[in-house]
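Okay, structure first, notes after.
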Amino acid sequence: MALATATLLGVGLAGCGGPDGGPARDGAGDRTAGPHHGPGTPGPSTDARQIPDLGPRLRQRVPARSTQVVVVHGGDAASASSTVTLYLRRDGGWHRAESWPAHNGRRGWTREHHEGDKKSPSGVFTLSDAGGVLPDPGAKLPYTSSPAFTPPATWAPRTHHDFDHVIAIDYNRVPGTSPLDPTRPLGQGRGGGIWLHLDHGSGTSGCVSVSRAAMRELLRTLDPAQHPVVVMGDREFLAE
């Protein structure tokens, strides 16, 4: 058991984390471009015209069955600052529920993500699993509570709370598994371990970070029965 925990810790936290970063391995590349869909990437569906700032291509990428969408609105392609907004579909339309300041990769965004580029992958991804160091705060998503989420002691103190709670973004991972699962269907070079996690006041190594209050709200709202997805990228990407 100790060996398994150590392995998960070493592999699962290597990407977004680090002395100055957040949790995951930076991702693999934008799997939303073109007709091929990578693991965790939803296929074409009905539009989402009522979600602001999404262009026609991304509107068509929101699955018809999804009634919960998290949009990460980035700035320009090099910006590490962003906004996370939760939209809920009801009464025949999309409604903005909450919005919070956030951070993304410290080097901005990429449409062709590779491990170590310190950029967040742009795309549309399902949200299937959650976890963290702390106990389940009432999450609807399957939640794995484990000390294996604890950041290494060598990381900067301001990052030590980053993984108290996380939501796995289904980029180059196997949905339905713990966020710590090291499996990378597209290969290690394409990165992985891209999470929503707690903010430490600056850009991450590829993840998206929000306040503790925002994370708890997301955990208590995102429901597998509603097929939640995240749409994330810089301003230009989202407008396509």
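The values are calculated or read from the model by the stated rules, or taken from the named source; none is laboratory data. None of these values were measured; they are calculated from a predicted model. Please note: Cβ atoms are built from the backbone with ideal geometry, for glycine as well, and neighbour counts cover all protein chains shown. Accessible surface is based on the protein model in full, side chains and every heavy atom, while ligands, DNA and RNA are left aside. Shrake-Rupley method; radii C 1.70, N 1.55, O 1.52, S 1.80 Å.
Ranked from the most accessible area to the least, with a 1.4 Å probe and all protein chains present, what is the order of 99, 122?
Descending accessible area places them as 99, 122.
With each label point set 7 Å from Cα along the Cα-Cβ vector, what nm distance links residue 154 and residue 240?
Simple spin-label model gives 3.7 nm for this pair.
For residue 95 and residue 213 in one chain, what is 0.36 nm times their gap in residues minus the Cα-Cα distance, to one decimal in nm?
40.5 nm
Order these peptides, 225-233, 156-164, by their mean beta-carbon neighbour count within 10 angstrom, highest first.
Descending packing order for the listed peptides: 225-233, 156-164.
Order 118, 140, most accessible first, counting only protein heavy atoms with a 1.4 angstrom probe.
The ordering from most to least exposed comes out as 140, 118.
Enter the Cα centre distance for the pair segment 147-206 and segment 48-91, rounded to the nearest angstrom.
Answer, in whole Å: 22.
Quick check on packing: order 168-174, 90-96, 192-198, 129-135 by the mean number of other C-beta atoms within 10 Å, highest mean leading.
Result, highest mean Cβ count within 10 Å first: 192-198, 168-174, 129-135, 90-96.
Using the heavy atoms of the protein chains alone and a 1.4 angstrom probe, what is the accessible area of segment 57-239 per residue in square angstrom?
Accessible area per residue, segment 57-239: 36 Å².
Could you give the radius of gyration (one decimal) and Dmax (whole number) of the Cα atoms in segment 57-239, in Å?
Rg then Dmax for segment 57-239, in Å: 15.1, 50.
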